[in-house]
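The values are calculated or read from the model by the stated rules, or taken from the named source; none is laboratory data. Computed from a prediction, not measured in an experiment: that's the story for all the values here. Please note: Cβ atoms are built from the backbone with ideal geometry, for glycine as well, and neighbour counts cover all protein chains shown.
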Amino acid sequence: MRKMSIGENYVGKLTPMRSNISRFSRGTIDKIVESASAINPRIHFIVGGFHLVTASDPDIEKIATALHDRFKVEYVAPGHCTGESAFTALKKAFGDHYLYAGLGTTLTLNSAVP
């Protein structure tokens with residue numbers, strides 16, 4: 001069974017004309033971002049569980065690289081079910097644009113986003 005993602009285009013105060021994707025991706029976050037970028041290629045932020053805990057290290061590296069280099073995602077905030085190997089790969093790929101979204105984490109979005 002495939003899990004559906006939620007992609008939204010916010011216009012106005014939150015993040016002008018940017019796509020923000022959230023939801024549990026069941027290991028297909030790269031496919032979700034690919035579909036969303038067909039609607040709006042400017043993906044500002046993805047948050048949620050990427051379900052990569054059972055993925056191989058080469059697959060995780062390929063996904064992290066695709067999100068950063070191919071799709072130009074600006075920020076990632078992976079949740080608990082993303083997996084430790086994926087946390088490491090995403091942090092390496094995104095640097096200070098990596099935000100951990102674990103239990104109790106509060107992520108603040110504001111209109112100051114360029």
Within region 58-77, considering residues that are charged (D, E, K, R) and in a loop (DSSP other than H, G, I, E, B), the one nearest to Pro41 (Cα to Cα): Lys72
Within 20 Å of Gly102 (Cα to Cα), modelled with pLDDT of 80 or more and assigned to a loop (DSSP other than H, G, I, E, B), is that true of Val47? no
Selection status of Ala112, small (Gly, Ala, Ser), over 11 Å from the mean Cα position of the chain (by Cα) and modelled with pLDDT of 90 or more: no
Going by what's in this entry, would Ala55 be described as in a loop (DSSP other than H, G, I, E, B), out of contact with any Phe, Trp or Tyr (no Cβ under 8 Å at 6 or more places or on another chain) and in contact (Cβ under 8 Å) with a residue 40 or more places away in the chain? no
Members of region 50-70 found to be modelled with pLDDT under 95, of a type in the set (A, V, I, L, M, F, W, C) and surrounded by fewer than 19 Cβ atoms within 10 Å (Cβ to Cβ), listed by number: Val53
Identify the single condition in (1) farther than 20 Å from Tyr98 by Cα; (2) modelled with pLDDT of 85 or more; (3) not hydroxyl-bearing (Ser, Thr, Tyr) that Met1 does not satisfy, given that it satisfies every other one. (2)
Looking at region 78-96 only, could you name the residues that are of a type outside the set (Phe, Trp, Tyr) and either outside any helix (DSSP H, G or I) or in contact with a Pro (Cβ under 7 Å, 6 or more places away or on another chain) (or both)? Pro78, Gly79, Gly83, Ala86, Leu90
In region 28-49, how many residues are surrounded by 18 or more Cβ atoms within 10 Å (Cβ to Cβ) and either touching a residue at least 60 places away in the same chain (Cβ under 8 Å) or farther than 10 Å from Ile63 by Cβ (or both)? 10
Please enumerate the residues belonging to region 71-82 that are out of contact with any strand residue (DSSP E or B) (no Cβ under 7 Å at 6 or more places or on another chain) and modelled with pLDDT under 90. His80, Cys81, Thr82
